[in-house]
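Structure first, then comments.
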Amino acid sequence: MRVGVVTFPGSLDDRDAARAVRLAGGEPVALWHADADLHGVDAVVLPGGFSYGDYLRCGAIARFAPVMERIVTAAEAGMPVLGICNGFQILCEAGLLPGALIRNSSRTFVCRDQRLRIDSVDTPWTSGYSPGAEIVVPIKNGEGGYVADRETLDELEAEGRVVARYLVDNPNGSYRDIAGVRNRRGNVVGLMPHPEHAVDPLTGPSVDGLVFFTSLLAAVVAA
Amino acid sequence: MPRRARVVVDVMLKPEILDPQGQAVAAALPKLGFGGVVEVRQGKRFELTLDGEVTEDQLAQIRRIAETLLANPVIEDFAVRLEEPA
């Protein structure tokens with residue numbers, strides 16, 4: 001089970017993502033932004049950070065990286081892809097997920113442990129959670145406000161494509177408390193909070209995030 | 001010196017999208033003693049310099065550049081205009 005973790009210039013969380021894959025029992029494979037192939041991986045994680053310095057818009061330059069062309073093609077063919085934080089922004093810019101992420105309504109960078117509810121377990125990344133599961137994972141972003149037009153939001157809700165919602169306190173002004181969404185097929189998931197930072201009791205607020213990675217392994221083995 | 005033309009692309013958040021940066025600027029104005037401004041929206045301006053006269057084809061291409069890269073049509077509107085030479 002090989003899981004690619006992409007490093008763009010400015011990525012920060014690629015090592016933690018690779019470690020989460022390893023702790024879940026998978027083999028992380030480092031992918032470079034300039035790679036023109038995916039080295040036979042079964043799934044891909046786009047990690048958090050500030051790819052290309054967040055120039056222009058978060059994710060706007062990264063979406064045109066050579067490796068992204070391959071990822072878009074593979075995602076459209078059903079390969080599981082998880083975008084975390086900056087990775088979520090890249091997936092939205094690439095058009096693999098609807099909506100966009102804008103500057104936090106609070107105008108401040110938010111870094112804290114965040115309670116979430118998992119609202120969609122129909123994805124390879126969340127199938128190990130029970131529906132409605134509440135988890136606590138870190139969140140850290142300055143531009144994490146999820147926005148989309150009303151029609152798109154209604155469609156996401158009607159089709160059960162909101163993967164996770166903020167509980168207690170919405171950290172960034174995201175419409176309808178949306179913390180993560182999936183594509184129609186379910187293989188592509190974007191999430192603003194960081195499950196890869198909650199995989200080890202030594203360094204995280206919980207180990208709730210590990211389920212994203214164990215779910216993936218179970219899903220790919222079953223496929 | 002070869003003749004050059006400048007095309008300006010203005011990118012603004014759509015009216016329905018919250019603009020926290022514009023709000024922060026608006027909130028600063030009264031503190032600085034400037035009154036009468038009820039709203040500020042912050043956008044981006046791109047200046048594209050081209051060789052020679054700008055053709056309709058080039059303007060069409062710049063509109064494609066704007067919708068592909070300079071603006072995210074999900075949250076932003078853009079306007080393309082030819083800047084008159086000084």
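Values in this text are rule-based calculations from the coordinates and carry no lab data. All of these numbers come straight from a predicted model, not from anything done at the bench. We place every Cβ from the backbone using ideal geometry, glycine too, and count neighbours over all the protein chains shown.
To make sure I understand, if each residue's beta carbon is the centre and we count other beta carbons within 10 Å, what order do A:THR214, A:THR7 fall in, fewest to most?
Lowest to highest Cβ neighbour count: A:THR214, A:THR7.
With a 10 Å Cβ neighbour count serving as the proxy for reagent exposure, in which order, fewest first, do B:ASP57, A:ASP177 appear?
With the fewest neighbours first, B:ASP57, A:ASP177 line up as B:ASP57, A:ASP177.
What is the set of long-range amide H partners of B:GLN42 at a cut-off below 5 Å, with H atoms built 1.01 Å from backbone N?
B:GLY22
So what is the calculated 222 nm ellipticity per residue for chain A, using -39500 (n - 2.57) for each DSSP H run with n of 4 or more, over all residues, to the nearest 500 deg cm²/dmol?
-7000 deg cm²/dmol
Among the GluC sites (Glu not before Pro) within region B:25-86, which fall in a DSSP loop and have no more than 15 other Cβ atoms within 10 Å of their own Cβ?
Counting only loop positions with at most 15 other Cβ atoms within 10 Å, the GluC sites (Glu not before Pro) in region B:25-86 are B:GLU39, B:GLU53.
Given DSSP loops and a limit of at most 14 other Cβ atoms within 10 Å, what is the longest stretch of chain A that contains no such chymotrypsin sites (Phe, Trp or Tyr not before Pro)?
Within chain A, the longest run free of exposed chymotrypsin sites (Phe, Trp or Tyr not before Pro) spans A:110-223.
With a ≥ b ≥ c the root eigenvalues of the C-alpha gyration tensor of chain A, is it rounded (a/c under 1.5), prolate (a/b larger than b/c) or oblate? Working shown, then result.
On the way: a/c = 1.26, a/b = 1.12, b/c = 1.12.
Taking the square roots of the gyration eigenvalues as a ≥ b ≥ c, chain A is rounded.
Filter the trypsin sites (Lys or Arg not before Pro) in region A:149-185 to those in DSSP coil with at most 14 other Cβ atoms within 10 Å of their Cβ, and list the result.
Numbers: sites: A:ARG150, A:ARG161, A:ARG165, A:ARG176, A:ARG182, A:ARG184, A:ARG185; in loops: A:ARG161, A:ARG184, A:ARG185.
Counting only loop positions with at most 14 other Cβ atoms within 10 Å, the trypsin sites (Lys or Arg not before Pro) in region A:149-185 are A:ARG184, A:ARG185.
Under a 10 Å cutoff between Cα atoms, tell me which one of A:ALA77, A:ALA60, A:ALA148 has the largest fluctuation in the Gaussian network model of chain A.
Most flexible of the set in this elastic network: A:ALA77.
For region A:162-171, just list the computed ³J(HN,Hα) in residue order, Karplus coefficients 6.51, -1.76 and 1.60, θ = phi - 60°, integers in Hz, with x standing in for Gly and Pro.
These are the phi-based 3J(HN,Hα) values: 7, 7, 8, 10, 6, 10, 6, 8, 5, x Hz.
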